[in-house]
1. Considering only segment 144-166, I want to know if a residue exists there that is under 17 Å from ALA258 (Cα atoms), modelled with pLDDT of 80 or more and among the aliphatic types (A, V, I, L, M).
2. Need the failing condition index for ALA195 against (1) more than 28 Å from GLY279 (Cβ to Cβ); (2) surrounded by 14 or more Cβ atoms within 10 Å (Cβ to Cβ); (3) at pLDDT 90 or above, just the number.
3. Determine which member of the set LEU37, LEU72 is part of a helix (DSSP H, G or I) and under 27 Å from the mean Cα position of the chain (by Cα).
4. Somewhere in segment 56-64, is a residue within 17 Å of ALA299 (Cα to Cα) and buried (at least 18 other Cβ atoms within 10 Å of the Cβ)?
5. Scan segment 244-292 residue by residue and report those that are part of a loop (DSSP other than H, G, I, E, B) and either at pLDDT 90 or above or on the phi < 0 side of the Ramachandran plot (or both).
6. Being touching a His at 6+ places or on another chain (Cβ under 9 Å), surrounded by 22 or more Cβ atoms within 10 Å (Cβ to Cβ) and modelled with pLDDT of 90 or more is the requirement here; does GLY74 meet it?
7. Listed residues LEU69, LEU8; which is under 30 Å from GLY166 (Cβ atoms) and in contact (Cβ under 8 Å) with a residue 24 or more places away in the chain?
8. What is the residue count in segment 3-20 for residues that are of a type outside the set (Ser, Thr, Tyr) and buried (at least 16 other Cβ atoms within 10 Å of the Cβ)?
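The values are calculated or read from the model by the stated rules, or taken from the named source; none is laboratory data. Everything numeric here is computed off the predicted structure, so don't read it as measured data. Cβ sites come from the backbone with ideal geometry, for glycine too, and all protein chains shown count toward neighbours.
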Amino acid sequence: MPGRTTLLTIGLIVALAVLCLLSAGIGAYHIPLGDILSSAQHRMGLGGAALDRVGESVLWNVRLPRVVLALLVGASLGCAGALMQGVFGNPLAEPGVIGISAGAAAGAVGAIGLGLTLFGNWTVTVFAFVAGLVTVLLVYALSRSGGRTEVVTLILTGIAVNAFAGALIGLFIFFADNAQITQITFWQLGSLAQATWPKVLAVLPCALVGLAIAPFYARKLDLLALGERPARHLGVDVERLRITLVLVVALLTAAAVAVAGIISFVGLLVPHLLRMANGPGHRFLVPGSALGGAVVLLAGDLAARTVAAPAELPLGVLTALFGSPFFFWLLRRTRRKQGGWA
């Protein structure tokens with residue numbers, strides 16, 4: 001009989017496939033499932049038939065870039081959340097909650113507001129990465145005391161970083177022109193509405209590198225969960241591990257923020273639910289969180305553009321709306337387990 005890990009993995013893959021097909025077909029211009037499969041076969045030279053001109057354009061130039069971008073952004077955020085929780089040894093760690101997403105967004109907004117083009121099409125991504133890296137290093141330095149990460153310090157650091165990043169974004173809005181303000185608002189609210197194939201190609205290298213590296217550190221994260229001293233005795237270079245994974249988290253978060261803006265709580269909710277369902281082992285948790293993040297973001301994006309049709313809800317607002325109550329419950333649960341905030 002298949003184990004729980006196998007069943008969960010199969011369930012996530014099936015959910016992902018179903019959501020991909022639904023997201024490709026549902027919208028103002030409805031495309032039946034059979035037509036989607038037929039068009040895909042035609043494109044791959046395996047028979048099938050092309051849709052009419054409008055249908056082909058909607059499917060391949062509007063819907064599919066958005067689906068692929070949702071997969072990459074969701075997987076990046078889910079995986080980054082699992083890595084951060086492993087590095088900090090704390091289930092409350094998440095790029096959005098502790099300010100890394102806001103820091104990366106401030107870097108991206110700064111590049112837009114100042115009209116910088118130092119790195120061509122990669123300028124926004126590079127600035128988001130640098131700002132995300134600085135933020136994660138700051139959070140890491142401030143949240144550790146006596147060799148462990150304190151919950152209160154972690155949350156308070158996140159509040160401070162989010163406030164500072166929000167202030168920087170506010171300054172850029174103050175000095176920006178109307179076109180720049182429109183772009184900056186997009187970063188603040190989080191959305192996949194502007195998905196295009198060039199944006200997919202811009203985020204693809206960062207996301208793939210981060211997602212490919214992360215699973216190789218699963219065993220070391222399991223050892224780190226035993227405590228720093230036992231991990232060192234078992235041959236883990238703890239500081240090197242932390243610095244490496246901090247860079248991976250910054251890369252994944254910057255990749256997501258650079259194309260989708262601030263989408264919070266995915267990296268908090270997904271790893272925690274999977275940990276509750278299958279235990280704390282990182283061999284499943286890291287790749288499983290990438291799969292789960294993709295599922296959650298695809299479902300969220302589908303809801304964002306269909307719930308209030310023909311209007312479209314900001315995706316970041318929707319994830320925060322559902323993620324905030326979960327975070328509150330998690331805070332209460334953590335406090336009860338620890339017997340206080342000490």
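1. Looking through segment 144-166, at least one residue is under 17 Å from ALA258 (Cα atoms), modelled with pLDDT of 80 or more and among the aliphatic types (A, V, I, L, M).
2. It fails just one condition, (3).
3. Unique residue meeting the criteria: LEU72.
4. Yes, that holds for at least one residue.
5. ILE262, ILE263, SER264, PRO280, GLY281
6. no
7. LEU69 is the lone residue from the list that is under 30 Å from GLY166 (Cβ atoms) and in contact (Cβ under 8 Å) with a residue 24 or more places away in the chain.
8. Of the residues in segment 3-20, 6 are of a type outside the set (Ser, Thr, Tyr) and buried (at least 16 other Cβ atoms within 10 Å of the Cβ).
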